[in-house]
């Protein structure tokens, strides 16, 4: 990232197919930005936060670039310097009414997070809220998924913030930023043709390499074919029909979060087995099973299927922006069970997936997306997203009809993404960040997703829901807290009483 800030600030950047897919797949009812809700221990003035960010923009070059689409979508969009960049278009102040409580604040925060980002400007926003209870302030970050995934987004956040309250501003560049003009239509057309030709040449070289190394090529093809068959079989299997998948989402969002000690999570892992991710999946899947039971859902032994993004960056790719993720899809019981039995079921399932190499196979399969012409991807997505938006509007206008036309589950029940963050306090304009909650997209009929973020020795489950499909996301949060407490009690018993127990913190 530092190298990018020094040498390539003015260079355009052609999006990868994976990055561009978040532009193609975005709809007004399902915006594809990610972000975080950061709460600080004291008020921050707007001018202070504006100056803080202005001093760091040279370290965040992508934050001063906007999309430039190629004519006829011959190639994926590029990111180009925005000659009209104005920090005030991205850092926005909000004041809560006197006496505002947490619920009032959350409603205001979600109202800023819900709208789609303006594609005529750099694809990020930072909303400052004043007037929170106990004299605190908050920032809602929005960053488009085409720019970052969870890992690279967290790296950008640590660049924007400080590790000390009294940290001096970073060293400024010798010359002020001078944006390049946006490329003309003719230049965009020409560079798109060049990049298209280069991609085809790279594909030809890859094919030649396969011919020269047939054994490796056959192994790769067999891996892809085997995983494609497994995916087809998986998608053909029935999963539980959860209420949060029963209709198309609107643009409305609600949020609740659960904060637990990372040390407690490690105690559970050490006493009961598995990984920290296994413990997280046990908490979320058992909470979901209990939620379904409470809401009278007949599971009929159909499993919960959870989409879990997997970071596939290699050693030399640390600090790279964009998206470098694959997915795994654990299938877990949808009926309630004991917390320790749940954890053992998760451990068995994740071990099965890891031994099969599914995440790596999906990464190879996703590379085939580069063979699809951007023009076709763009046209197909335009038809699909317009249809989704039209159906979502109809559901909002005629909710009874929408409830009657229950949709089948979308292949997975929800996404749970686990993002590691800084394990020491971070500061903005000298104020300590005391809470960080991850914010994730919803779309189509995925009406509930979870971001799990670690920060300053805590782990926060940020539960995002569409309030029509899940009107009681706080209940899901409470059930997750119950499962955590049960796992802590089991870990304490397993360790002979040596494990200290601390109750989770529940918010919103």
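Just checking, does region 159-176 include any residue being closer than 15 Å to residue 62 by Cα and either part of a helix (DSSP H, G or I) or not assigned by TED's automatic domain parsing to the domain that holds residue 23 (or both)?
yes
Within region 266-277, count every residue that is surrounded by fewer than 23 Cβ atoms within 10 Å (Cβ to Cβ) and either outside any loop (DSSP other than H, G, I, E, B) or in contact with a strand residue (DSSP E or B) (Cβ under 7 Å, 6 or more places away or on another chain) (or both).
Matching residues across region 266-277 total 7.
Looking only at region 482-498, count every residue that is surrounded by fewer than 20 Cβ atoms within 10 Å (Cβ to Cβ) and either at pLDDT below 95 or in contact with a strand residue (DSSP E or B) (Cβ under 9 Å, 6 or more places away or on another chain) (or both) and tell me the total. Steps first, please.
Taking region 482-498 as the starting set, the residues that turn out to be surrounded by fewer than 20 Cβ atoms within 10 Å (Cβ to Cβ) are 482, 485-486, 489-490, 492-498.
Checking the rest, the ones that are also either at pLDDT below 95 or in contact with a strand residue (DSSP E or B) (Cβ under 9 Å, 6 or more places away or on another chain) (or both) come to 492-498.
Qualifying residue count, region 482-498: 7.
Run down 182, 196, 175 and say which single residue is free of Cβ contacts under 8 Å to residues at least 12 places away in the same chain and farther than 26 Å from residue 94 by Cα.
175 is the lone residue from the list that is free of Cβ contacts under 8 Å to residues at least 12 places away in the same chain and farther than 26 Å from residue 94 by Cα.
Quickly run through region 30-49 and pick out the residues that are under 26 Å from the mean Cα position of the chain (by Cα) and surrounded by 18 or more Cβ atoms within 10 Å (Cβ to Cβ).
Across region 30-49, the qualifying residues are 30, 31, 32, 33, 34, 35, 36, 37, 38, 39, 40, 49.
Just a yes or no: is a residue in region 120-134 in contact with a helix residue (DSSP H, G or I) (Cβ under 7 Å, 6 or more places away or on another chain), assigned to a helix (DSSP H, G or I) and not assigned by TED's automatic domain parsing to the domain that holds residue 416?
Among the residues of region 120-134, at least one is in contact with a helix residue (DSSP H, G or I) (Cβ under 7 Å, 6 or more places away or on another chain), assigned to a helix (DSSP H, G or I) and not assigned by TED's automatic domain parsing to the domain that holds residue 416, which makes the answer yes.
Taking into account only those residues within region 61-81 that are touching a helix residue (DSSP H, G or I) at 6+ places or on another chain (Cβ under 6 Å) and in a loop (DSSP other than H, G, I, E, B), which is nearest to residue 21 (Cα to Cα)?
Applying the filter and picking the extreme gives 76.
Only residues that are in a loop (DSSP other than H, G, I, E, B), within 21 Å of residue 421 (Cβ to Cβ) and free of Cβ contacts under 8 Å to residues at least 40 places away in the same chain: list them for region 452-487, please.
456
Given the condition surrounded by 23 or more Cβ atoms within 10 Å (Cβ to Cβ) and either at pLDDT below 95 or touching a strand residue (DSSP E or B) at 6+ places or on another chain (Cβ under 8 Å) (or both), answer yes or no: does some residue in region 286-298 qualify? Please lay out each step first, then the result.
First, the residues of region 286-298 that are surrounded by 23 or more Cβ atoms within 10 Å (Cβ to Cβ): 286-289, 291.
Next cut, either at pLDDT below 95 or touching a strand residue (DSSP E or B) at 6+ places or on another chain (Cβ under 8 Å) (or both) only: 288-289.
Yes: one or more hits.
Looking at this structure, is residue 188 assigned to a helix (DSSP H, G or I), buried (at least 20 other Cβ atoms within 10 Å of the Cβ) and either at pLDDT below 80 or in contact with a helix residue (DSSP H, G or I) (Cβ under 9 Å, 6 or more places away or on another chain) (or both)?
yes
Looking only at residues that are in contact with a strand residue (DSSP E or B) (Cβ under 7 Å, 6 or more places away or on another chain) and not in a strand (DSSP E or B) in region 438-451, which one is nearest to residue 419 (Cα to Cα)?
Keep residues of region 438-451 that are in contact with a strand residue (DSSP E or B) (Cβ under 7 Å, 6 or more places away or on another chain), which gives 438-442, 446-451.
Subset that is not in a strand (DSSP E or B): 440-442, 447.
Working: 440: 11, 441: 15, 442: 17, 447: 20 Å.
Result: 440.
How about region 45-104: which of its residues are over 28 Å from residue 176 (Cβ atoms) and free of Cβ contacts under 8 Å to residues at least 60 places away in the same chain?
94, 95, 96, 97, 98, 99, 100, 101, 104
Give the residue, chosen from 224, 283, that is closer than 30 Å to residue 296 by Cα, out of contact with any strand residue (DSSP E or B) (no Cβ under 6 Å at 6 or more places or on another chain) and either in a helix (DSSP H, G or I) or at pLDDT 95 or above (or both).
Matching residue, one of 224, 283: 283.
The values are calculated or read from the model by the stated rules, or taken from the named source; none is laboratory data. Source: prediction; values computed, not measured. Reconstructed Cβ throughout: ideal geometry from the backbone, glycine too, with neighbour counts over all protein chains shown.
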